[in-house]
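Chemist: Dropping the structure in here first, questions after.
The values are calculated or read from the model by the stated rules, or taken from the named source; none is laboratory data. Bear in mind that the values here come from a model prediction, so they are computed numbers and not experimental data. All Cβ positions, glycine included, derive from the backbone under ideal geometry; neighbour counts span all protein chains shown.
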Amino acid sequence: MAHRRKSIGIQRIAAYATIAAALVVTLFPVYWIAANSFKYDIDIFSIPPQWIPANPTSKHYHAAFVERPFLIYALNSLIIAVSTTLVSVVFGSLAGYALARFQYPGRWRYQISFWILSTRMMPPIVTIIPLYIAFNHLGMLNTKPAVIIAYTAFNLPFATWMMKSYFQDLPVELEEAAMVDGDTRWGAFLHVALPLARPGLAATAIFCLIISWNEFLLALILTLTERSQTLPIGIAGRVTQYNTYWGEISAAGFTACIPIMIFAFVVQKHLVRGISFGAVKG
Amino acid sequence: MASVVFQDVVKMFGTFTAVSDLNLEVRDKEFLVLLGPSGCGKTTTMRMVAGLEEVTAGEIFIGSDRVNDVLPKYRDVAMVFQSYALYPHLSVADNIGYPLKIRKVPQDKQRQMVMEVARRVELDGLLDRLPKQLSGGQRQRVALARAIIRTPKVFLMDEPLSNLDAKLRVQMRAELKHLQHELQVTTIYVTHDQIEAMTLAHRVAVMNKGVIEQLGTPKEIYNDPRTLFVAGFIGSPPMNLIDGEVKDGVFTSLGGVRADGLGSANVASAVLGVRPEDIHVLPAGSETANIVAPIYSVELTGESTLVTLRAGAALLTVRADKNFVGDFDQMVEVGFAPGRVFLFDRQSQDRVDF
Amino acid sequence: MTVSIGAKFGNSFERWFERHLRVLMLAPAMLVLLTLTIFPSIYMIVAAATRISPNPDLPWQFAGADNFLRLLTDEQFHVGLWNTLVFTVFAVGTEFLLGLGLALLLDRYIRRLNFLKTILMLPMMLPPVAVAITWKLIYEPQFGVLNEIMFRLGLPLQAWAGDVRLAMFSVIVADVWQWTPFMFLLMLAGLASLPDEPYEAAAIDGASAWRQFWDLTLPFLKPIIAIALLLRIMDTLRLFDLVFILTGGGPADRTKTLSLYIYQVAYRFADPSYAAAISLFVLFTTVAFSTWFIKRMRLAD
């Protein structure tokens, strides 16, 4: 085991060299999309590539967000992500608390927990066809509520498990003390458990935001017009067989990455718990 | 102020019986201690009074009210938890004032009452701190203050001193006793520490395996144990319990212990019980010796010397004078104090009177 | 100082609410999930067993196992299945080895460097669409960065994602870039939770670093390795976004995954019955695989 041994100079150097290489490999693509979003078309196409934009321009941002409806896509993404997150976190906290604290007859608690987790494992492509047909019947295709409902189905299991695990970490005596002090169980949940689970709530919410913000397949199928299309769909729409609008999609793509990069630093402490419940991938 | 009455109370967890057929009356203003080893059902019994566990069968009354189906908030009890259960996100003042806040007591009255109680438990300088900034003893006081801020019908205390260090525990014990005397509130106190039970209680209920083995004053429990379990559980060092048989009032064990004067009792598998302080070292050649045995070890505790003798397979502890001197394997003759010897039936676990 | 709480034992609604809280709190989530999983499942089974006419006015016809039998002879399906498997094996395998290796190497150097760690984690959180266009840009045959590097190294230029031989490789590289951090993070978390004593005992017993790795580290890490692999495999089996943007499944169907094929069948060929049959196949293999894997790795707890 390397990390149990006494520090050796060479190993240290190798480690730092690896970290440096990993950082370059990790950051270069992100840098590259950012750099290209600020280049004139002619500089994007230059051979050899222009490593640093010589004539920075915001032209593509203007093109995407003013001339083309990327601002609407971004707003749609935001509305859908926030609504999905609200519903998922509220329902997920309630169910997570119930599964963390209450007794159910027989092995029902285990069964229900496992069933909720297993719905998360369904490949989206499997449920999307019936959802498409149902929303078509209800006249809800191309609406934001349809996307929000579909996203909730995929976020709720995760939110429930994540909140369940945070509630289980809280000592149960605190809620019992509140009940003896004069609260109902529900009051103890609202006044004691929920405030104490705030870090967990925040982390769960941010993961839900990220999943919904990034999602592609469901939105691709459920939305056909800009009234409800999200940023990823808008970007994909500018990658056609005949022409790819590099500047525009770089600008939109990099914009889509910005909130994620901010959130990543907020949830870093909760990352392991989040991804082991399968949070990060939509 | 109220009494607490248990009538045929049963508590099952699945198929496990935690409390079976409990009948107990805690009198008004009484300090009752539920004493027993872990898993004996004492905490469950207390939690049923608080309403934190549902009663499987039977009835619980607080005062004249049957409280089986009453939510905890309406039972008007206050509880001190082993872990203190202080709200970590609230200041000391808000922790103490929480029961008042829930009851929508006006702000200024709340503040006044919190101050009053805080002064009483010497926390007045710490009201703005968070629980994590307090020492163990201070946290304990906050938990206590939160319990006494509204005078409830019943205090419930679940091993409240077990997380304190030994010195602080002795000090808090005295404070608790005084406080209960001052407030005159019925108190149910759970502990596995017999010293706490003996020092605090008006009456002690010794529990084992979901059953009350004996209920009585500390003196009764100590001097007149009704079952083998109580005899072995109470006292430190514990009562010597020697297996043997009784024929026509004479006890003999394989290890060579002999005791007569047990009336005309006949018990095939008997247990003779005698406390270490009721065994006396006799001068050599004494005719009244109950056993002559070699010394296994000698421990000076300060006010006395504990001498352990090897009596066959059993060990016998004797509380001897602090000036006792003896070496390993030295033969010692000891005698039991007359009238301080108990006889139990191994089968029924009950005392055999003679 | 006695403070009362108002009504003596509360009202009946409050009592009812408290008594049923465990059901009431669970109900919203359960209702949503039941509606959104049971209904689609039933629909899929019914749809897969029928022939749905493109004309919505015509009734569905019972088709029995026809749609499933088509799976046996449908070459496009076989290609999709093969591509998905190849992608899964190579992508997950590479990510695992890289992630474990990096974690072992960096464990003691990176523990306190939370900021660095977060940067290294970034790729897996980025929108897959943004990742796909970024790599599309890098792979671009004329002005892409990768060919510039090939040129500088004196190697032949390639079409990468557009090349029949290299398309799958290109997709895998992009996926490895995005998801190695996932393996790395989980392995790092596993390493951080290792106890010290067994290593000290092993060192005293004279075990080499290599022996310690095989005898201690790997067995300790086994549960977290299993979870990491399971989560990743379930993701790669449903791969869609990356190929949709990067290659569109081409060239010559070389990167067409099952998800992409289902999408084409359902929306381009307008054959929801057959799409349902393939979907059910994917669902059952995923469930069967994860159940087998969970049992095999004894992960049930």
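Chemist: Could you grab me the full set of residues in segment A:102-150 that are at the interface with chain C (Cβ under 8 Å from one of its Cβ atoms) and part of a loop (DSSP other than H, G, I, E, B)?
Modeler: The answer is A:Phe102, A:Gln103, A:Tyr104, A:Met122, A:Pro123.
Chemist: Determine which single condition A:Val272 fails, assuming it passes every other condition in (1) surrounded by fewer than 19 Cβ atoms within 10 Å (Cβ to Cβ); (2) modelled with pLDDT of 90 or more.
Modeler: (2)
Chemist: For segment A:196-212, does any single residue satisfy the condition of being free of Cβ contacts under 8 Å to residues at least 40 places away in the same chain and within 14 Å of chain B (Cβ to nearest Cβ)?
Modeler: Yes, there is a match, as at least one residue in segment A:196-212 is free of Cβ contacts under 8 Å to residues at least 40 places away in the same chain and within 14 Å of chain B (Cβ to nearest Cβ).
Chemist: Next up: Which of the following residues is under 20 Å from A:Gly274 (Cα atoms) and out of contact with any strand residue (DSSP E or B) (no Cβ under 6 Å at 6 or more places or on another chain): A:Pro130, A:Pro124, A:Pro145?
Modeler: Going through A:Pro130, A:Pro124, A:Pro145 in turn, just one is under 20 Å from A:Gly274 (Cα atoms) and out of contact with any strand residue (DSSP E or B) (no Cβ under 6 Å at 6 or more places or on another chain): A:Pro124.
Chemist: Within segment C:24-41, restricting attention to residues that are more than 7 Å from chain A (Cβ to nearest Cβ) and loosely packed, with under 15 Cβ neighbours inside 10 Å, which residue is nearest to A:Arg185 (Cα to Cα)?
Modeler: For segment C:24-41, the residue satisfying everything is C:Leu31.
Chemist: Would segment B:98-107 turn up any residue that is under 25 Å from the mean Cα position of the chain (by Cα), part of a loop (DSSP other than H, G, I, E, B) and facing another protein chain (nearest Cβ under 7 Å)?
Modeler: Within segment B:98-107, none of the residues are under 25 Å from the mean Cα position of the chain (by Cα), part of a loop (DSSP other than H, G, I, E, B) and facing another protein chain (nearest Cβ under 7 Å).
Chemist: If we scan segment B:200-207, do we find a residue that is among the small types (Gly, Ala, Ser), buried (at least 23 other Cβ atoms within 10 Å of the Cβ), part of a loop (DSSP other than H, G, I, E, B) and assigned by TED's automatic domain parsing to the domain that holds B:Lys153?
Modeler: Yes: segment B:200-207 contains one or more residues that are among the small types (Gly, Ala, Ser), buried (at least 23 other Cβ atoms within 10 Å of the Cβ), part of a loop (DSSP other than H, G, I, E, B) and assigned by TED's automatic domain parsing to the domain that holds B:Lys153.
Chemist: Here's a check for you: in segment A:31-43, which residue that is more than 7 Å from chain C (Cβ to nearest Cβ) and in contact (Cβ under 8 Å) with a residue 12 or more places away in the chain is surrounded by the most Cβ atoms within 10 Å (Cβ to Cβ)?
Modeler: The qualifying residue surrounded by the most Cβ atoms within 10 Å (Cβ to Cβ) is A:Ser37.
Chemist: Which one of the conditions (1) more than 13 Å from the chain's Cα centre (by Cα); (2) in contact (Cβ under 8 Å) with a residue 12 or more places away in the chain; (3) at the interface with chain C (Cβ under 9 Å from one of its Cβ atoms) does A:Val239 fail to meet, given that it meets all the rest?
Modeler: With respect to (1) more than 13 Å from the chain's Cα centre (by Cα); (2) in contact (Cβ under 8 Å) with a residue 12 or more places away in the chain; (3) at the interface with chain C (Cβ under 9 Å from one of its Cβ atoms), A:Val239 is out only on (2).
Chemist: Scan segment B:67-78 and report the pairs whose first residue is in the same structural domain as B:Thr151 (by TED's automatic domain parsing) and whose second residue is of a type in the set (Lys, Arg), with Cβ atoms within less than 6 Å and a gap of 6+ or a chain change.
Modeler: B:Val67/B:Arg75; B:Asp76/B:Lys153
Chemist: Give just the number: which of (1) at the interface with chain A (Cβ under 9 Å from one of its Cβ atoms); (2) in contact (Cβ under 8 Å) with a residue 40 or more places away in the chain; (3) more than 26 Å from the chain's Cα centre (by Cα) does B:Phe81 not satisfy?
Modeler: Condition (3) is where B:Phe81 drops out.
Chemist: Moving on to the next point. Could you figure out which of (1) more than 26 Å from C:Ala189 (Cα to Cα); (2) within 9 Å of chain C (Cβ to nearest Cβ); (3) touching a helix residue (DSSP H, G or I) at 6+ places or on another chain (Cβ under 8 Å) isn't true of A:Leu271?
Modeler: A:Leu271 satisfies every listed condition except (1).
Chemist: Something else: So how many residues does segment B:218-238 have that are closer than 23 Å to B:Asp8 by Cα and either of a type in the set (Phe, Trp, Tyr) or over 11 Å from the mean Cα position of the chain (by Cα) (or both)?
Modeler: Residues meeting the conditions: 3.
Chemist: Which of the following residues is crowded, with 19+ Cβ neighbours inside 10 Å, touching a Leu at 6+ places or on another chain (Cβ under 8 Å) and part of a helix (DSSP H, G or I): C:Leu186, C:Leu191?
Modeler: Result: C:Leu191 is the single residue among C:Leu186, C:Leu191 that is crowded, with 19+ Cβ neighbours inside 10 Å, touching a Leu at 6+ places or on another chain (Cβ under 8 Å) and part of a helix (DSSP H, G or I).
Yes/no per residue for (1) at pLDDT below 85; (2) more than 30 Å from C:Arg19 (Cα to Cα); (3) of a type in the set (D, E, K, R):
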position	(1), (2), (3)
A:Ile80	no, yes, no
A:Leu94	no, no, no
A:Ala100	no, no, no
A:Leu117	yes, no, no
A:Pro124	yes, yes, no
A:Phe135	no, yes, no
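Chemist: Further, regarding this structure: Among the numbered criteria (1) of a type outside the set (S, T, N, Q); (2) at pLDDT below 90; (3) in a loop (DSSP other than H, G, I, E, B), which one does B:Pro238 miss?
Modeler: (2)
Chemist: Sticking with this one: Among the residues that make up segment A:81-91, is at least one of them part of a helix (DSSP H, G or I), free of Cβ contacts under 8 Å to residues at least 24 places away in the same chain and more than 9 Å from chain C (Cβ to nearest Cβ)?
Modeler: Checked against the condition, which is being part of a helix (DSSP H, G or I), free of Cβ contacts under 8 Å to residues at least 24 places away in the same chain and more than 9 Å from chain C (Cβ to nearest Cβ), segment A:81-91 yields at least one hit.
Chemist: Search segment C:45-64 for residues being surrounded by 13 or more Cβ atoms within 10 Å (Cβ to Cβ) and part of a loop (DSSP other than H, G, I, E, B), and hand back the single one that is modelled with the highest pLDDT.
Modeler: C:Ala49
Chemist: Scan segment C:267-286 and give yes if some residue there is within 30 Å of C:Leu188 (Cβ to Cβ) and assigned to a helix (DSSP H, G or I), otherwise no.
Modeler: yes
Chemist: Quickly run through segment B:41-59 and pick out the residues that are more than 22 Å from the chain's Cα centre (by Cα) and more than 14 Å from chain A (Cβ to nearest Cβ).
Modeler: B:Val55, B:Ala57, B:Gly58, B:Glu59, listed by residue number.
Chemist: Another question, if that's okay. Filter segment B:24-40 down to the residues that are over 10 Å from B:Val190 (Cα atoms), under 18 Å from the mean Cα position of the chain (by Cα) and not basic (Lys, Arg) and list them by number.
Modeler: B:Leu24, B:Glu25, B:Val26, B:Glu30, B:Phe31, B:Pro37, B:Ser38, B:Gly39, B:Cys40
Rundown of residues vs (1) in contact (Cβ under 8 Å) with a residue 12 or more places away in the chain; (2) among the hydroxyl-bearing types (Ser, Thr, Tyr); (3) crowded, with 24+ Cβ neighbours inside 10 Å; (4) within 11 Å of another protein chain (Cβ to nearest Cβ), yes/no style:
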position	(1), (2), (3), (4)
C:Gly144	yes, no, no, yes
C:Pro156	no, no, no, no
C:Ala159	yes, no, no, no
C:Met168	yes, no, no, no
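A quick yes/no check of all residues on (1) hydroxyl-bearing (Ser, Thr, Tyr); (2) surrounded by 13 or more Cβ atoms within 10 Å (Cβ to Cβ):
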| position | (1), (2) |
| --- | --- |
| B:Gly273 | no, yes |
| B:Ile291 | no, yes |
| B:Val298 | no, yes |
| B:Thr305 | yes, yes |
| B:Ala314 | no, yes |
| B:Val318 | no, yes |
| B:Asp327 | no, no |
| B:Val341 | no, yes |
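Chemist: Can you confirm whether C:Arg211 is among the charged types (D, E, K, R) and buried (at least 18 other Cβ atoms within 10 Å of the Cβ)?
Modeler: Criteria not met by C:Arg211.
Chemist: For the subset of segment B:31-54 comprising residues that are out of contact with any Phe, Trp or Tyr (no Cβ under 9 Å at 6 or more places or on another chain) and buried (at least 19 other Cβ atoms within 10 Å of the Cβ), which member is farthest from B:Val206 (Cα to Cα)?
Modeler: Looking at residues that are out of contact with any Phe, Trp or Tyr (no Cβ under 9 Å at 6 or more places or on another chain) and buried (at least 19 other Cβ atoms within 10 Å of the Cβ), I get B:Leu52.
Chemist: Exactly one condition in (1) surrounded by fewer than 18 Cβ atoms within 10 Å (Cβ to Cβ); (2) more than 9 Å from chain A (Cβ to nearest Cβ); (3) among the small types (Gly, Ala, Ser) is not met by C:Gly249; state its number.
Modeler: (1)
Chemist: Is it true that some residue in segment A:255-265 is hydroxyl-bearing (Ser, Thr, Tyr), more than 22 Å from C:Tyr267 (Cβ to Cβ) and crowded, with 18+ Cβ neighbours inside 10 Å?
Modeler: Yes, because at least one residue in segment A:255-265 is hydroxyl-bearing (Ser, Thr, Tyr), more than 22 Å from C:Tyr267 (Cβ to Cβ) and crowded, with 18+ Cβ neighbours inside 10 Å.
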